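Have a look at the structure below, then the notes.
The values are calculated or read from the model by the stated rules, or taken from the named source; none is laboratory data. Treat the numbers as computed from the prediction; the structure is a model and nothing was measured. Methodologically, a virtual Cβ is constructed for each residue, glycine included, from the backbone with ideal geometry; neighbour enumeration extends over all protein chains shown. Surface areas here come from the heavy atoms of the whole protein model, side chains and all, with no ligands, DNA or RNA. Shrake-Rupley method; radii C 1.70, N 1.55, O 1.52, S 1.80 Å.
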Amino acid sequence: MIAKAARSEADAVCIDLEDAVAASAKEESRGALIEALGRLDFGHRTRIVRVNALDTMWTYRDVVDVVEGAGRYVDEIMLPKARGAFDVQFLDQLLSQVEARAGVTHRIGIEAQIETASGFVELREIAASSPRLEALVFGMGDYAASMRMPLASIGADDAHDAAYPGHRWHAVMHGIVAAARARGLRCVDGPFANYRDDEALARACRLSRALGFDGKQCIHPGQLDTVNAAFTPTADEVAWAHRVVETYERAVSEGRGAVGSDGIMIDAANLRMAQTTLRATGAPHRRQEEGER
């Protein structure tokens with residue numbers, strides 16, 4: 001499965017030492033992971049290792065063994081069930097020591113999964129906890145368990161969603177996006193368990209994108225096309241963004257601050273929205289690049 005992931009169209013590959021590995025196989029799984037990282041060609045893909053949560057007995061050995069054995073191939077460590085800033089800071093300090101001991105010359109980043117009640121409550125503190133932190137990731141399954149929210153299938157709507165007059169996950173998902181944006185981090189929605197239901201997956205992706213998430217985790221290569229399509233701006237959206245940028249820049253050159261286009265007022269806020277769309281296409285506009293420097 002790791003070899004298949006390394007050949008896929010994914011932007012990042014996360015090799016799991018946590019929920020995907022039985023307790024009896026935790027120790028030996030590290031060796032298989034180290035071998036895969038050293039032997040397989042992952043190309044441009046970001047290489048992530050998800051270690052076990054800090055409330056278990058496996059985390060420190062996960063970090064020590066993996067970084068000492070294959071640290072030069074690891075881009076990020078994913079920390080599940082981050083409960084507060086102290087969890088991320090502990091991992092940060094442990095990584096600093098192991099990197100120095102193993103001679104790893106690049107700084108390994110951290111992705112923190114928000115999937116507990118305490119993680120939700122401490123979102124702002126987690127987002128500001130470490131310069132290593134690169135992303136916040138929503139984990140619906142464990143979050144539901146922590147909050148005692150009934151859940152039939154991870155990522156999918158069920159009878160409990162139908163019973164609630166709103167979106168049950170809005171608070172935590174909106175909070176993750178806001179905390180990430182405030183600190184310049186990526187924010188990633190969690191997986192959709194039913195990998196055979198493309199239509200339901202597409203609906204979940206559209207909701208995540210509407211909330212501002214950058215992308216979504218996939219548990220099967222068959223989900224990649226649906227997820228990539230959902231988070232890639234459409235041709236109409238890109239064309240709109242180019243029109244907004246061009247119209248606004250023309251107005252500025254003529255000494256006007258707000259103008260109309262297609263019956264809609266365009267001002268600096270519209271420009272920023274358009275630049276966000278263009279940035280998602282991988283072809284940033286000149287003015288956007290100047291603003292980011």
Checklist entry - For Cα Rg over 2.2 N^0.38 Å, the listed values are (i) 1.16; (ii) 1.31; (iii) 1.09; which was obtained by calculation from the structure presented? => result (iii)
Next on the checklist: With both bridge residues required to lie in the chain, what share of the DSSP beta bridges run antiparallel, to the nearest 5%?
Outcome noted: 10
Next on the checklist: For a quick check of your reading of the filter: which chymotrypsin sites (Phe, Trp or Tyr not before Pro) in the range 91-158 sit in a DSSP loop and have no more than 12 other Cβ atoms within 10 Å?
Outcome noted: none
Checklist outcome for this item: HN-Hα couplings for the range 76-89 via Karplus (6.51, -1.76, 1.60; θ = phi - 60°), in whole Hz with x for Gly/Pro, come out as 8, 10, 9, 9, x, 6, 4, 9, x, 4, 4, 5, 5, 5
Item to check | Set of lysines near LYS4 by C-alpha distance (under 22 Å), chain-local residues within fewer than 8 positions excluded | outcome: LYS26, LYS216
Checklist entry - What figure in square angstrom, to the nearest 10, would you give for the accessible area of MET265 with a 1.4 Å probe? => result 120
Checklist entry - Given a 1.4 Å probe and every protein chain left where it sits, what share in percent of the accessible area of the chain is carbon and sulfur? => result 51
Next on the checklist: How would the range 4-82 be classified by its alpha-carbon gyration tensor: rounded, prolate or oblate, with rounded meaning a/c under 1.5 and the a/b versus b/c comparison settling the rest?
Outcome noted: prolate
Checklist entry - If you take the charge dipole of the chain about its Cα centre, with +1 on Lys and Arg Cβ and -1 on Asp and Glu Cβ, which of VAL98, ALA269, MET140 is farthest toward its positive end? => result ALA269
Checklist entry - Out of the DSSP beta bridges found with both residues in the range 1-143, what percent are antiparallel (nearest 5)? => result 0
Checklist outcome for this item: If each part is reduced to its alpha-carbon centroid, the range 193-258 and the range 162-179 end up apart, in Å, by 20
Checklist entry - Taking the Cα centre of the range 159-265 as the origin, how large is its charge dipole in debye, to the nearest 20, when only Lys and Arg (+1) and Asp and Glu (-1) carry charge on their Cβ atoms? => result 400
Checklist outcome for this item: In debye to the nearest 20, the charge dipole size for the chain, taken about the Cα centre with +1 at each Lys and Arg Cβ and -1 at each Asp and Glu Cβ, equals 460
Item to check | For the range 1-76, size of Cβ-based charge dipole, Lys and Arg +1, Asp and Glu -1, in debye | outcome: 240
Checklist entry - Where does the chain land at 222 nm, in deg cm²/dmol rounded to the nearest 500, when only DSSP H runs of n ≥ 4 count, each adding -39500 (n - 2.57), divided by all residues? => result -15000 deg cm²/dmol
Checklist outcome for this item: For the chain, the charge dipole (Cβ of Lys, Arg +1; Cβ of Asp, Glu -1; about the Cα centre) points to a positive end, and the Cα of ASN228, ALA163, ALA25 closest to that extreme belongs to ASN228
Checklist entry - Toward the positive end of the charge dipole of the chain, about the Cα centre and with charges on Cβ (Lys, Arg +1; Asp, Glu -1), which of PHE192, VAL13, MET1 goes farthest? => result VAL13
Checklist outcome for this item: For the chain, the longest principal axis of the Cα atoms and the Cα long axis of helix 235-253 enclose an angle in degrees, to the nearest 10, of 60
Checklist outcome for this item: Tilt, helix 59-70 to longest principal axis of the chain (alpha-carbon atoms), in degrees rounded to tens, equals 80
Checklist entry - Please identify the trypsin sites (Lys or Arg not before Pro) of the range 85-166 that satisfy two criteria: DSSP loop assignment and at most 14 other Cβ atoms within 10 Å. Which are they? => result ARG107, ARG148
Checklist entry - Per residue, how many Å² of accessible area does the range 162-205 show with a 1.4 Å probe? => result 54
Checklist outcome for this item: Extend 7 Å from the Cα of TYR60 along its Cα-to-C-beta direction; within the range 97-127, residues with backbone N under 18 Å of that point are 97-102
Checklist entry - Can you give the accessible area per residue of the range 1-133, in Å², using a 1.4 Å probe? => result 48
Checklist entry - What accessible surface, in Å², does a 1.4 Å probe find on VAL172, ignoring ligands, DNA and RNA and rounding to the nearest 10? => result 0
Checklist outcome for this item: Taking Cα atoms, the helix 170-182 axis meets the longest principal axis of the chain at an angle in degrees (rounded to 10) of 80
Next on the checklist: Cut-off 20 Å, label point 7 angstrom out along Cα-to-Cβ of ASP198: give me the residues of the range 215-235 whose amide nitrogen falls inside.
Outcome noted: 216-235
Next on the checklist: Not counting ligands, DNA or RNA, and with a 1.4 Å probe, what is GLU134's accessible surface area in Å² rounded to the nearest 10?
Outcome noted: 70
Checklist entry - From the Cα gyration tensor of the range 174-241, with a ≥ b ≥ c the square roots of its eigenvalues, which class applies: rounded if a/c is under 1.5, or else prolate if a/b is larger than b/c, or else oblate? => result oblate
